Protein chains: 2
Amino acid sequence: MSATIKSVAEYAGVSIKTVSRVINNEGTVKPDTLAKVQQAIDALDYRPNKAARDLAGRDNYVLGYVYDNPNAYYILAMQNGILKECRANGYELLIHPCDATNANIIDELVNMVNSARLAGLILSPPLSEMPDVLQAMDEKGIQYVRVLSGDKAPDDKPCVLVDDYQAARQITEHLINQGHQRIAFIAGEKQHHSTTERERGFYQALADRGIHPDPDLVVEGTYSFGTGVQSIQQLLALPEPPTALFACNDEIAAGALFGARMQGVDVPEALAIAGFENSPFSTQTFPPLTTASQPTAQIAQRATSSLIRSLQARKRKAENQTVPADIFVPELIVRESTSR
Amino acid sequence: MSATIKSVAEYAGVSIKTVSRVINNEGTVKPDTLAKVQQAIDALDYRPNKAARDLAGRDNYVLGYVYDNPNAYYILAMQNGILKECRANGYELLIHPCDATNANIIDELVNMVNSARLAGLILSPPLSEMPDVLQAMDEKGIQYVRVLSGDKAPDDKPCVLVDDYQAARQITEHLINQGHQRIAFIAGEKQHHSTTERERGFYQALADRGIHPDPDLVVEGTYSFGTGVQSIQQLLALPEPPTALFACNDEIAAGALFGARMQGVDVPEALAIAGFENSPFSTQTFPPLTTASQPTAQIAQRATSSLIRSLQARKRKAENQTVPADIFVPELIVRESTSR
DNA sequence: CATCATAATGACAACGCTGTCATTTTACTC
DNA sequence: GAGTAAAATGACAGCGTTGTCATTATGATG
């Protein structure tokens with residue numbers, strides 16, 4: 001049988017409430033009492049019973065990560081980052097894959113939060129970008145933190161930003177610096193902010209260098225290999241085909257690379273290709289892909305820490321001082337697919 | 001405030017214990033009482049408070065999934081399968097990525113199980129194949145289910161088997177049927193049972209068809225793209241190079257494909273390549289890879305259901321009747337990388 | 001050194017459920 | 001229809017914490 005707060009209290013010669021104060025860092029414990037209790041905790045290898053804590057306390061020490069994103073690497077990196085922060089703060093993580101296109105998604109989330117008594121939610125795209133979802137959370141008083149694409153926070157609720165705009169600009173600039181003028185762009189789902197942000201960065205970089213964008217060179221699709229294959233065929237069939245391509249993610253880029261080579265077009269000699277995301281795909285093509293890398297686990301950790309801070313502030317009824325949102329700019333990674 | 005067992009009891013005009021019986025399916029409730037209670041539960045949208053259940057009951061309704069596997073798709077598929085079964089049975093899932101090579105891995109797991117009061121553990125390779133880990137779990141009385149590579153259970157403790165041997169045989173046979181005699185094999189980490197099982201299947205298929213294996217055609221490496229690239233160079237440099245390759249997984253196969261094309265070797269014309277796993281890589285190469293597909297989510301679900309059954313049996317002190325382990329044989333998927 | 005404010009600690013009732021055991025109802029027998 | 005076994009239900013005490021409020025120790029002040 002594992003130790004309880006009672007056995008620790010007896011061992012240390014204090015009341016259970018004092019032990020409770022120690023394990024909750026309430027601060028109002030004399031240093032030597034604290035030392036005694038700490039020693040008792042160590043000696044008995046005591047760990048608070050989460051069920052009892054959750055039952056007695058107001059909140060549950062459980063966060064939820066809700067996601068709908070086909071990218072396994074992204075999800076796992078998010079999970080890892082969140083878990084790291086959760087463990088450091090005595091929280092647990094409940095994961096909840098879901099289908100964002102499901103009409104009942106809001107009910108599903110609210111039900112989940114209630115039934116698992118979650119303290120808060122971590123939302124990543126596309127859920128973090130769905131106004132109706134966010135509104136429902138606000139109405140139900142469910143705490144959350146969002147990971148968002150953007151260069152400034154849309155409101156004062158906690159979020160962590162990934163500046164796709166800036167990174168896309170850098171990628172496009174890189175292509176321009178390689179001497180390219182006719183640069184194509186393949187977009188993913190327009191509902192994803194990341195797509196529009198990357199597209200915005202693409203256009204801005206062109207504008208910065210006085211290049212007039214050619215509408216024929218911009219194609220829309222989904223974040224998939226197939227989109228890359230099809231789009232590049234279409235692009236290469238143009239009377240004046242592009243000499244460079246910026247694909248909205250690595251999977252599209254890999255598809256485009258595949259499609260180009262199928263048609264006998266050499267990469268990077270006849271066509272430079274850049275992706276986005278630094279997914280494992282990007283190193284497992286020939287040639288490997290130039291891309292942009294976002295520190296997903298770190299982003300997740302920061303988001304989680306921001307959520308936890310906000311929960312704790314709310315608990316002590318402290319004024320929830322608005323901390324400026326963290327911004328991460330994905331870093332350009334140059335590989336052979338864009339070399340001269 | 002959400003409904004409690006008490007409010008349901010009042011609404012239904014029964015005692016809280018009767019409500020408890022209903023939500024726990026104890027069976028000893030009269031049909032019309034049960035109906036009344038059910039109706040009350042629906043009307044009040046009642047959900048049992050997990051913390052209270054865990055605290056009052058003996059067990060925690062939480063399972064743990066511990067994994068150390070670089071394959072994100074595999075992990076996510078496992079998670080999804082486990083979650084599905086957990087939700088169907090009122091369990092929650094705690095995920096715990098870890099490093100199996102860590103010397104303290106056993107302490108880490110035991111600590112985790114104790115501190116989160118887990119009811120049981122789901123283990124996938126490589127952890128499910130580490131005798132010292134399993135022994136520690138047995139000693140500490142921690143319940144677990146393993147997902148294992150093999151065609152028969154190594155003992156009578158719960159496990160789900162993935163018959164890599166059989167699938168590898170089928171892949172090799174497929175290559176032989178395509179007319180190949182000089183078939184190379186690139187192995188992954190030898191510590192993984194899946195590797196040795198696949199290798200065993202490879203040799204068996206050769207033997208079945210009277211083909212004498214050539215040691216030069218068998219190369220060892222890791223489950224990585226790089227291994228594929230390097231190994232194929234080595235193999236193609238042989239005085240009598242192979243005409244077909246069976247790579248231990250898709251990532252190696254993709255690397256080999258990459259390497260072969262770099263050297264100007266056509267696939268499948270000059271070299272047929274088969275992988276294993278049916279990972280997304282396998283459709284995103286040119287040409288797409290022949291491979292074997294295991295229904296990972298289904299396997300995970302079955303494993304979880306087996307664990308839950310065994311937990312419930314233990315709870316009712318029922319004789320834990322040994323159910324024969326489920327065996328899944330990955331299915332051959334033929335694509336262009338091995339076509340004539 | 002008495003007085004008071006404040007810091008530190010403790011006693012005890014919840015929290016919502018399950019387990020145990022007692023009690024009531026039902027069904028069956030003669 | 002009385003007697004009995006079995007089925008159905010209920011009363012109540014915990015489970016291990018936290019929150020509330022009461023109590024005691026400490027230090028500052030005049």
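The values are calculated or read from the model by the stated rules, or taken from the named source; none is laboratory data. Quantities reported herein were computed from a predicted structural model and do not represent experimental measurements. Here the Cβ positions follow ideal geometry from the backbone for every residue, glycine too, while neighbour counts run over all protein chains shown. Surface accessibility is based on the protein's heavy atoms, side chains included, excluding ligands, DNA and RNA. Shrake-Rupley method; radii C 1.70, N 1.55, O 1.52, S 1.80 Å.
Values as computed for the structure displayed
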{"read-out": "Distances in nm from A:Pro295 to the matching label points in the other copies, shortest first (labels 7 Å along Cα to Cβ)", "value": "4.3"}
{"read-out": "Placed amide H near A:Phe328: partners under 5 Å, 5+ positions off or other chain", "value": "A:Leu161, A:Val162, A:Asp163"}
{"read-out": "Leading residue at positive end of dipole, the protein assembly as shown (Cβ point charges), from B:Thr296, A:Thr283, B:Gln181", "value": "B:Thr296"}
{"read-out": "Global form of segment B:180-292, assessed from the alpha-carbon gyration tensor, a/c cut-off 1.5", "value": "rounded"}
{"read-out": "Segment B:5-48, relative contact order [Cα under 8 Å, separation at least 6], %", "value": "43 percent"}
{"read-out": "Charge context of B:Ser15, other residues only, Cβ under 13 angstrom, K/R +1, D/E -1", "value": "+3"}
{"read-out": "Rh by Kirkwood over Cα pairs, then Stokes-Einstein D for segment A:3-154 at 0.692 mPa s and 37 °C, µm²/s", "value": "185 µm²/s"}
{"read-out": "Selected from A:Leu289, A:Leu206, A:Leu34 as most flexible by GNM, with chain A as the system and alpha-carbon contacts under 10 Å", "value": "A:Leu34"}
{"read-out": "13 Å beta-carbon shell around A:Ile273, net charge (K/R +1, D/E -1)", "value": "-3"}
{"read-out": "In sequence order, calculated HN-Hα J values of segment A:326-334 (Karplus, 6.51, -1.76, 1.60; Hz; x Gly/Pro)", "value": "6, 10, 10, 9, x, 9, 5, 10, 8"}
{"read-out": "Assigned charges on the beta-carbon of Lys, Arg, Asp, Glu; the protein assembly as shown dipole about Cα centre (debye)", "value": "2880 debye"}
{"read-out": "Alpha carbon Rg of segment B:5-48, scaled by the compact-globule rule 2.2 N^0.38 Å", "value": "0.95"}
{"read-out": "Inter-centroid distance (Cα atoms) of segment A:84-143 relative to segment B:275-315, Å", "value": "27 Å"}
{"read-out": "Global geometry of segment B:69-155, whether rounded, prolate or oblate, following the gyration tensor of its Cα atoms and the 1.5 cut on a/c", "value": "rounded"}
{"read-out": "Portion, in percent, of the accessible area of segment A:64-145 that falls on carbon or sulfur, probe 1.4 Å", "value": "48 percent"}
{"read-out": "Added length on full extension, which subtracts the Cα-Cα distance from 0.36 nm per residue, A:Asn102 to A:Arg200", "value": "32.4 nm"}
{"read-out": "Shielding score for A:74-82, defined as the mean number of other chain Cβ atoms within 10 Å", "value": "3"}
{"read-out": "Furthest towards positive pole of dipole, A:Thr33, A:Pro48, A:Ser15, structure part segment A:5-48, Cβ charges", "value": "A:Ser15"}
{"read-out": "Where labels lie 7 Å past Cα in the beta-carbon direction, separation of B:Lys6 and A:Leu238 in nm", "value": "7.1 nm"}
{"read-out": "Residues with amide H under 5 Å from that of B:Ala187, placed H, sequence gap 5 or more", "value": "B:Val219, B:Glu220, B:Gly221"}
{"read-out": "Relative contact order for chain A, counting Cα pairs under 8 Å that sit 6 or more residues apart, in percent", "value": "16 percent"}
{"read-out": "Cβ neighbours within 10 Å from other chains - mean over A:40-53", "value": "3"}
{"read-out": "Nearby lysines by direct alpha-carbon distance to B:Lys30 (threshold 20 angstrom, same-chain neighbours under 8 apart not counted)", "value": "B:Lys6, B:Lys17"}
{"read-out": "Cβ-vector label at 7 Å, B:Lys152, separations to other copies in nm", "value": "7.1"}
{"read-out": "Environment charge at A:His212 (Cβ cut-off 14 Å; Lys +1, Arg +1, Asp -1, Glu -1)", "value": "-2"}
{"read-out": "Accessible carbon and sulfur surface of segment A:5-48 relative to its total accessible area, %, 1.4 Å", "value": "50 percent"}
{"read-out": "Size of segment A:128-197 as Cα extents on the principal axes (Å, biggest first)", "value": "53, 20, 12"}
{"read-out": "Accessible area of the protein assembly as shown divided out per residue, in Å², using a probe of 1.4 angstrom", "value": "44 Å²"}
{"read-out": "Per-pair calculated FRET efficiency, R0 = 45 Å: A:Ala56 and B:Thr33 via Cβ, rounded to 0.05", "value": "0.90"}
{"read-out": "Tensor-based shape of the protein assembly as shown (alpha-carbon gyration tensor, a/c under 1.5 rounded, otherwise prolate or oblate)", "value": "oblate"}
{"read-out": "Teacher prompt: A:Arg309 distances to equivalent labels in other copies, 7 Å Cα→Cβ, nm", "value": "5.0"}
{"read-out": "Segment A:5-48 - charge dipole about Cα centre, Lys and Arg +1 at Cβ, Asp and Glu -1, debye rounded to 20", "value": "140 debye"}
{"read-out": "Dipole magnitude (debye, nearest 20) for chain A, charges at Cβ of Lys, Arg, Asp, Glu", "value": "1680 debye"}
{"read-out": "HN-Hα J in Hz across segment B:157-163 - Karplus 6.51, -1.76, 1.60, θ = phi - 60°, x for Gly and Pro", "value": "7, x, 7, 10, 9, 10, 8"}
{"read-out": "³J(HN,Hα), Karplus 6.51/-1.76/1.60, whole Hz, each residue of segment A:104-114, x for Gly, Pro", "value": "8, 3, 5, 4, 4, 5, 4, 4, 5, 4, 5"}
